[in-house]
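Chemist: Have a look at this one before I ask anything.
Every number in this text was worked out from the coordinates using simple rules, so none of it is lab data. Bear in mind the structure is a predicted one, so any value in this text is a computation, not a measurement. Backbone-built Cβ (ideal geometry, glycine too); neighbour counts: all protein chains shown.
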Amino acid sequence: MRFLAVYFPNWSVTAAGYSQDEQVAFLHAGTIIGCSTAAHTDGVRPGQRRREAKRHCPMLTILTHDSDRDAKAFEPLITALTQLVPRIEITTPGLCTMAAAGPSRYYGSEQALAKLLNEELSSDLLERTNQPATIRVGIADSRFAAGLAARHAAIIAPGHTEEFLAPFPISTLGIDDLTILSHRLGIHTLGQFAKLPTRSVLSRFGTAASAAHQLARGEHREPLSIHEIAQVLAVSTELDPPAERVDIATFAARSLASELIDLLARRGLACTVLRIDAQTEHGETLTRLWRASTVFDAETIIERVRWQLSGWLDAGTKDQRPTAGIMLLQLHADEVAGTADLQVSLWGEMSDTDRRAVRGLDRVRGLLGPGGVVTAVLRGGRGPGDRTTLVPWGEPTPALDPPMPWPGQVTSPAPTLIHPQPIPVEVIGDHGPVGISMRGEISNSPTQLRLPNRNWQAITAWAGPWLIDERWWDRQTHRRQARFQLTTAQAGAHLCTVQRNRWWIEATYD
Amino acid sequence: MALALVQPNIPDSTDFAGGLPLVTELGALLPGGILRRGGSVGISGQTGQTSLLLKLLAGPVANGSWVAVIGLPALGVEAANEFGVSLDRLALVPDPGTAWLDVTAALLDAVDIVVLYPQGNCRPGDASRLLARARERHSVLVLMDGQLAISPSGRSALARWPQSPDLTLAATESSWSGLTPGHGTLHHCSISVAASGRRLPGPRRTGQVTTGQTTTGQATGRRLNAVAR
């Protein structure tokens, strides 16, 4: 089997109307997510913050990352491609794949096919945007390898795919847990991973790792085709009145997406390739195939619907737009994978308890939206709340600070409650309110404490001040405060902060 | 997707004869030393209820159970970790919004223990449905009082819940050691616990639970002596 991938490097740049020679970069959630070739030459890299990127390239134009804009600009190219090759799967705006065997026979040879696609798309793009664009075509024995080959504009001869893949790092497979695990075992490249015995990989790490192992060896994995399941796994809805705006149609797609996910989950399946059919009142249709990087969940399905419809309803020229509103929307699971195959376990198969929890938490995330469910990870820090980070369920765990010494950190045991809004309190001693001098000396010993709208109560024991003078070099973020621990007669033990002689309860040892 | 680090040879958490294992101090308070699946637990106490909750969760989580905490954005996660509640199996829903009952029900399907800080009043019908769900799924619903000595909130959430839980654990007194006026740091705390409930025969049982640094300097919870049948 042979696969072809068409890759537009830094597609967001072209989609925004710039050429790769201009210095452009895209910002998402505060960090650089992509940039043009010229910016890359100057030293701009994904993961940098705005200031660092500007330092490398002072004339850099920084735009906000907009996946809808990228998708909308990509749609006419897909239309052009489908005139040449019938079945195109879109991975993401800027990358699409197709089976190569049929088309290369039709057009003569693989080289001829690659040349044709390159020329057709270049001229199409030049006509519409007046910019020359780089298009790279890659061909290899598996879809995964074709995507990588496209980045190098290479046609990998049949049987040489494993050789081609060998030097790539393990992270290319895109499975975080496998990457971490492999590094611990001293395996850093796909070549090293591929050399492991197949049977051992399966028994030690599970079916997902075994599938990744097949990919690393350049083999194409036969997906679980719909025909084998002998069922139609599709959902559809009619929109009445027909939707003429993208946001209205996307809203209708929300429940549809959940329906499809549930339909598949009940059979222990997840969707890897999604077919979205949209039909207007006048019978015009637009069908697109979308391939997920791993599997589709409700959010990514809705995103693809939005991309497809913005590319159609909001298309640049009138003849590309439909003449009526969307009346029918259908989602088909075109290719699926068993959910049991999707988890890489570090110590063997995942227990049923873990599987049940992961599935259930995904569902609750669907109910509440991203950020509704979180987990926590430990990291370095000084204050009580600084030593953990909350990670939204479904997002990869961020890279964390290695354990470093943090002078002035709160000692163990950690407080069980950290108040999101510190509670203001009054603290007095025998000689009036308790304050801290500029030199960190306490004015008099604290003896009583009063919470808002309550009576004074005795402080039975206390210790401090532990002085914090953070970031003295930055006027904006300079923080000068003191911490105290104290126990009270009736209200338990607390961690207090004093700043400018005002007291707050920061955390409680409940 | 976040995945758990499962320790080798961990028994699936159904092994403990219909219940979840507990740390020794709490195990001594309950018959069989286990927390029965499919039931409800209420935790209250003006000071010490959070530590009591974490002590309760430590046993089951070390054994492989997952736990979800709904409605407590203030939870000290680092403290939870010190108590032995592995962060790999702790899910948090700090703000469940108006659909908090639906979220609770969905989590009872997913995890072994759901800790709920009620976000408002619950109708008796809804409460019964939640308990029925817990029974069906062999999960445990832990209802937190949320009424603390320092919190300015009104009536106790547990008192407003329409049905009293199968088991109630109350932190009656807590005292911290390690601080004197002007000196030291908080070292460890001793909490008096009273257990009562439908299935506990006789008068209410009391016991002591210690939290914080043990005498050997290790945070408690890491040493787990599960009592199992």
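Chemist: Given the residues A:ALA298, A:ALA292, A:ALA265, which is the only one that is farther than 30 Å from A:ALA80 by Cβ and surrounded by fewer than 21 Cβ atoms within 10 Å (Cβ to Cβ)? Working first, answer last.
Modeler: Values: A:ALA298 fails: surrounded by fewer than 21 Cβ atoms within 10 Å (Cβ to Cβ); A:ALA292 fails: farther than 30 Å from A:ALA80 by Cβ.
After ruling out the rest, the residue left standing is A:ALA265.
Chemist: In the list B:VAL111, B:VAL115, which residue meets the criterion of being buried (at least 23 other Cβ atoms within 10 Å of the Cβ), in contact (Cβ under 8 Å) with a residue 24 or more places away in the chain and more than 12 Å from chain A (Cβ to nearest Cβ)?
Modeler: The conditions single out B:VAL115.
Chemist: Is it fair to say A:THR447 is in contact with a strand residue (DSSP E or B) (Cβ under 7 Å, 6 or more places away or on another chain), within 9 Å of chain B (Cβ to nearest Cβ), free of Cβ contacts under 8 Å to residues at least 24 places away in the same chain and surrounded by 14 or more Cβ atoms within 10 Å (Cβ to Cβ)?
Modeler: Answer is yes for this residue.
Chemist: Could you grab me the full set of residues in the stretch B:76-103 that are more than 7 Å from every other protein chain (Cβ to nearest Cβ) and under 25 Å from B:GLY27 (Cβ atoms)?
Modeler: Selection gives B:ALA80, B:PHE83, B:GLY84, B:VAL85, B:SER86, B:ASP88, B:ARG89.
So that you can scan it fast, the table gives a plain yes or no per residue for (1) out of contact with any Phe, Trp or Tyr (no Cβ under 9 Å at 6 or more places or on another chain); (2) more than 11 Å from every other protein chain (Cβ to nearest Cβ); (3) part of a strand (DSSP E or B); (4) not acidic (Asp, Glu):
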{"position": "A:ALA357", "(1), (2), (3), (4)": "no, no, no, yes"}
{"position": "A:GLY366", "(1), (2), (3), (4)": "yes, no, no, yes"}
{"position": "A:GLY381", "(1), (2), (3), (4)": "no, no, no, yes"}
{"position": "A:GLY394", "(1), (2), (3), (4)": "yes, no, no, yes"}
{"position": "A:TRP406", "(1), (2), (3), (4)": "yes, yes, no, yes"}
{"position": "A:PRO420", "(1), (2), (3), (4)": "yes, no, yes, yes"}
{"position": "A:PRO424", "(1), (2), (3), (4)": "no, yes, yes, yes"}
{"position": "A:VAL427", "(1), (2), (3), (4)": "no, yes, yes, yes"}
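Chemist: Would you call B:GLY59 more than 11 Å from chain A (Cβ to nearest Cβ), more than 13 Å from the chain's Cα centre (by Cα) and not polar (S, T, N, Q)?
Modeler: no
Chemist: When you check A:PHE144 against the structure, is it within 19 Å of A:ALA208 (Cα to Cα) and among the aromatic types (Phe, Trp, Tyr), yes or no? Write out each step before concluding.
Modeler: Working: within 19 Å of A:ALA208 (Cα to Cα): yes; among the aromatic types (Phe, Trp, Tyr): yes.
Here the answer is yes, as A:PHE144 does meet what is asked.
Chemist: Can you pull out the residues in the stretch A:51-68 that are farther than 30 Å from A:THR250 by Cβ and not aliphatic (A, V, I, L, M)?
Modeler: Correct list: A:ARG51, A:GLU52, A:LYS54, A:ARG55, A:HIS56, A:CYS57, A:PRO58.
Chemist: Would you point out the residue of the stretch A:450-479, among those that are within 14 Å of another protein chain (Cβ to nearest Cβ) and not in a strand (DSSP E or B), that is nearest to A:PRO384 (Cα to Cα)?
Modeler: A:LEU451
Chemist: Here is a follow-up. A:GLU162 - would you say it is out of contact with any strand residue (DSSP E or B) (no Cβ under 8 Å at 6 or more places or on another chain) and surrounded by fewer than 17 Cβ atoms within 10 Å (Cβ to Cβ)?
Modeler: No; evaluated as a whole, the condition is false for this residue.
Chemist: Of all residues in the stretch A:33-80, which are aliphatic (A, V, I, L, M) and under 22 Å from the mean Cα position of the chain (by Cα)?
Modeler: A:ILE33, A:VAL44, A:ALA53, A:ILE62, A:LEU63, A:ALA71, A:ALA73 - these are the residues of the stretch A:33-80 that are aliphatic (A, V, I, L, M) and under 22 Å from the mean Cα position of the chain (by Cα).
Chemist: Could you list, in sequence order, the residues of the stretch A:88-115 that are charged (D, E, K, R) and within 20 Å of A:LEU148 (Cα to Cα)? First the steps, then the outcome.
Modeler: Let us first name the residues in the stretch A:88-115 that are charged (D, E, K, R), namely A:89, A:105, A:110, A:115.
Within the stretch A:88-115, A:GLU89, A:GLU110, A:LYS115 qualify.
Chemist: Would you please name the residue that is surrounded by the fewest Cβ atoms within 10 Å (Cβ to Cβ), looking only at residues in the stretch A:234-262 that are among the polar types (S, T, N, Q) and within 24 Å of the chain's Cα centre (by Cα)?
Modeler: Among those residues, the one meeting the criterion is A:SER255.
Chemist: Another question about this same structure. Is it the case, given these coordinates, that B:LEU53 is within 17 Å of B:LEU20 (Cβ to Cβ) and without any contact (Cβ under 8 Å) to a residue 40 or more places away in the chain?
Modeler: no
Chemist: Just to be sure, is B:ARG135 within 28 Å of A:GLY360 (Cα to Cα) and either among the polar types (S, T, N, Q) or free of Cβ contacts under 8 Å to residues at least 60 places away in the same chain (or both)?
Modeler: Taking the combined requirement at face value, the residue does not satisfy it.
Chemist: Now, a different point. Which residues, counting only those in the stretch A:168-187, are part of a loop (DSSP other than H, G, I, E, B) and closer than 15 Å to A:GLY147 by Cα?
Modeler: A:PHE168, A:GLY174
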